[in-house]
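Notes to accompany the following structure.
The values are calculated or read from the model by the stated rules, or taken from the named source; none is laboratory data. None of the values given here were measured: they were computed from a predicted structure. Cβ placement follows ideal geometry from the backbone for every residue including glycine, while neighbour counts extend to all protein chains displayed.
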Amino acid sequence: MDFLKSQDSLTALEWILRSIVSFVFLLLLAKVMGQRSISQLRFLDFIIALILGNIIAHPLSDEQLGLKGSMITSSVLIVLYVLATWLSLKWTLFRRFVDPPPFILIKNGAIQFQNLSKARISIDYLFSELRKEKIEDIQKVALAVWEPGGTISIFRTSQYEPLTPADMKLETEEFTLTRPIIAEGEIDLLLLKEIGRDQTWLKERIGPIYKEIQDVPLATIDGNENVRIYSKSDY
């Protein structure tokens, strides 16, 4: 375990071991922090991610810096992060500090310029977000809200909302989610258990096309237990 300590020089193997340990350690920390995409990082998440990246990066490029100290520091920071997250759920003032409430950017077609400055975004950026929602005229916007995660929620005025089957009083089929039950020859056993079926039942469904499950590239199942099998020629 000498590769964790500060040394004058490290062998190639010790550098590799440092990299592997750091990678696994960061994976564990990320698991504790939870999963968010970059666009969904809150202020607190961003600060922690930035600090952790720097703490772990330095021992990976400087043999005179021990990795053990970085791992201890990172662990303490994660404990503080979890504590701060818990406080944000229990303490309103702290939550408002780390997760500021959303504020309105557009209301009934009128830009709220004061809030635009608070969000530190330009009018060009605001209009680019409108174009992503296929909105070419700001007068069609009933409400646009700047969210704490840095995204903009946009709501059209009622007369410009797309028609839905409910608006036209049309009958529709019940929604069913199609999920892969076999992928690259591997059965999703949790899904199979969830629908109350066994492997014998599944083999009967694929039998007309494939003799062995490991030969199936992809098979999906919907809410009505209809199994659809895909062959490689379908791709």
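Each row is one residue, and each column tells you yes or no for (1) among the acidic types (Asp, Glu); (2) assigned to a helix (DSSP H, G or I); (3) touching a residue at least 24 places away in the same chain (Cβ under 8 Å).
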{"site": "190", "(1), (2), (3)": "no, yes, no"}
{"site": "193", "(1), (2), (3)": "no, yes, no"}
{"site": "197", "(1), (2), (3)": "no, no, yes"}
{"site": "204", "(1), (2), (3)": "yes, yes, no"}
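Matching residues to (1) in the same structural domain as residue 27 (by TED's automatic domain parsing); (2) of a type in the set (A, V, I, L, M, F, W, C); (3) not in a helix (DSSP H, G or I):
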position: 71; (1), (2), (3): yes, yes, no
position: 74; (1), (2), (3): yes, no, no
position: 77; (1), (2), (3): yes, yes, no
position: 80; (1), (2), (3): yes, yes, no
position: 88; (1), (2), (3): yes, no, no
position: 121; (1), (2), (3): no, yes, yes
position: 126; (1), (2), (3): no, yes, no
Query raised in the report: How many residues does the stretch 60-109 contain that are within 30 Å of residue 123 (Cβ to Cβ) and without any contact (Cβ under 8 Å) to a residue 12 or more places away in the chain?
Result: 2
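Output the residue which, of all residues in the stretch 145-177 that are hydroxyl-bearing (Ser, Thr, Tyr) and loosely packed, with under 10 Cβ neighbours inside 10 Å, is farthest from residue 99 (Cα to Cα).
172
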Query raised in the report: Can we say residue 180 is surrounded by 12 or more Cβ atoms within 10 Å (Cβ to Cβ), in a loop (DSSP other than H, G, I, E, B) and touching a residue at least 40 places away in the same chain (Cβ under 8 Å)?
Result: no
Query raised in the report: Could you say whether any residue in the stretch 50-62 is loosely packed, with under 12 Cβ neighbours inside 10 Å, among the polar types (S, T, N, Q) and either modelled with pLDDT of 80 or more or assigned to a helix (DSSP H, G or I) (or both)?
Result: yes
Query raised in the report: Looking at this structure, is residue 136 over 15 Å from residue 109 (Cα atoms) and among the acidic types (Asp, Glu)?
Result: no
